[in-house]
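> The structure's right below; bear with me while I get my questions together.
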Amino acid sequence: MSADDDVPLFRAPMRSRDDGVPDGAGVERGLRFGLCGMGGRLEGPPPSSLAEAVDAAAAQHDDRLARRIERFSDVPEGVFVWTRDIDGHYWLGRLAGPWRYDASDDARSVDLVHVRDCTWRSEPTDRSSVPDAVLATFGRGGRNWQRIRSATGAAATADLWAR
């Protein structure tokens with residue numbers, strides 16, 4: 001066990017709610033550019049602050065998206081995140097920066113606009129090494145950023161990261 005055992009653990013599907021965005025496109029962009037994020041494109045000028053983004057998300061989408069953005073931004077740097085690519089491979093990363101809005105055409109095209117820098121491992125994790133709590137969380141499906149509440153999953157994730 002390491003000092004990172006109590007670091008929170010999250011699922012980051014990076015899937016758009018826009019069914020016109022191909023599955024896997026957000027994950028591919030996130031892994032390629034060292035990002036973790038979620039969708040929720042905003043119309044008009046890009047927000048210059050989290051408060052502007054939250055207000056715009058509530059007005060243009062709904063309060064649930066606004067709250068998800070706030071929760072995503074509130075998570076401290078250094079937390080572990082898991083994502084799964086279109087081929088079913090699991091990737092482990094750690095958040096490495098604060099929230100920002102990415103208004104680039106590429107980010108908008110895959111609806112991965114609410115982002116944070118993330119350090120991803122260079123290779124996917126062998127499925128047999130992925131903690132059961134992580135597998136179960138992805139097994140339930142869904143498109144939301146979600147905390148994985150499992151002390152054993154967090155400990156196993158910290159051990160994987162240390163390898």
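The values are calculated or read from the model by the stated rules, or taken from the named source; none is laboratory data. The structure displayed is predicted, hence computed values, not measured ones. Note that each Cβ is placed from the backbone with ideal geometry, even for glycine, and that neighbours are counted across all protein chains shown. Ligands, DNA and RNA are stripped out before the accessible areas are found, and what is left, the full protein with its side chains, is counted by its heavy atoms. Shrake-Rupley method; radii C 1.70, N 1.55, O 1.52, S 1.80 Å.
A quick yes/no check of all residues on (1) of a type in the set (A, V, I, L, M, F, W, C); (2) over 19 Å from Asp105 (Cβ atoms); (3) at pLDDT below 95:
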position: Val27; (1), (2), (3): yes, no, no
position: Gly30; (1), (2), (3): no, no, no
position: Cys36; (1), (2), (3): yes, yes, no
position: Glu43; (1), (2), (3): no, no, no
position: Leu50; (1), (2), (3): yes, yes, no
position: Phe72; (1), (2), (3): yes, yes, no
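> If you check Ser73, Ser122, Ser129, which single one turns out to be in contact with a helix residue (DSSP H, G or I) (Cβ under 8 Å, 6 or more places away or on another chain) and open to solvent by 30 Å² or more (accessible area, probe 1.4 Å)?
One residue alone meets the criteria, Ser129.
> Quick one: Ile86 ticks every box in (1) open to solvent by 90 Å² or more (accessible area, probe 1.4 Å); (2) farther than 30 Å from Arg163 by Cβ; (3) touching a Pro at 6+ places or on another chain (Cβ under 9 Å); (4) not acidic (Asp, Glu) bar one, so which box is it?
If we test Ile86 against (1) open to solvent by 90 Å² or more (accessible area, probe 1.4 Å); (2) farther than 30 Å from Arg163 by Cβ; (3) touching a Pro at 6+ places or on another chain (Cβ under 9 Å); (4) not acidic (Asp, Glu), just (2) comes out false.
> Exactly one of (1) within 13 Å of Val27 (Cα to Cα); (2) of a type outside the set (A, V, I, L, M); (3) open to solvent by 70 Å² or more (accessible area, probe 1.4 Å) is unmet by Arg147. Its number?
(1)
> Then there's this: Just to be sure I understand the filter: pairs with C-beta atoms under 9 Å, separated by 6 or more residues or on different chains, first member in the range 23-38 and under 13 Å from His114 (Cα atoms), second member assigned to a helix (DSSP H, G or I) and of a type in the set (Phe, Trp, Tyr). Which pairs pass?
Between residues of the range 23-38 that are under 13 Å from His114 (Cα atoms) and residues that are assigned to a helix (DSSP H, G or I) and of a type in the set (Phe, Trp, Tyr), the close pairs are Cys36/Phe72; Gly37/Phe72; Met38/Phe72.
> May I pose another question? From the list Ala66, Ala53, which residue is open to solvent by less than 40 Å² (accessible area, probe 1.4 Å), free of Cβ contacts under 8 Å to residues at least 40 places away in the same chain and within 18 Å of Asp18 (Cβ to Cβ)?
Being open to solvent by less than 40 Å² (accessible area, probe 1.4 Å), free of Cβ contacts under 8 Å to residues at least 40 places away in the same chain and within 18 Å of Asp18 (Cβ to Cβ) holds for just one of Ala66, Ala53, which is Ala66.
> Continuing with the same structure: Of Thr152, Thr157, Thr137, which residue is β-branched (Val, Ile, Thr) and open to solvent by 60 Å² or more (accessible area, probe 1.4 Å)?
Thr152
> With the requirement that a residue be surrounded by fewer than 18 Cβ atoms within 10 Å (Cβ to Cβ) and in contact with a Ser or Thr (Cβ under 9 Å, 6 or more places away or on another chain), what does the range 89-102 give you?
Within the range 89-102, His89, Ala96, Pro98 meet the criteria.
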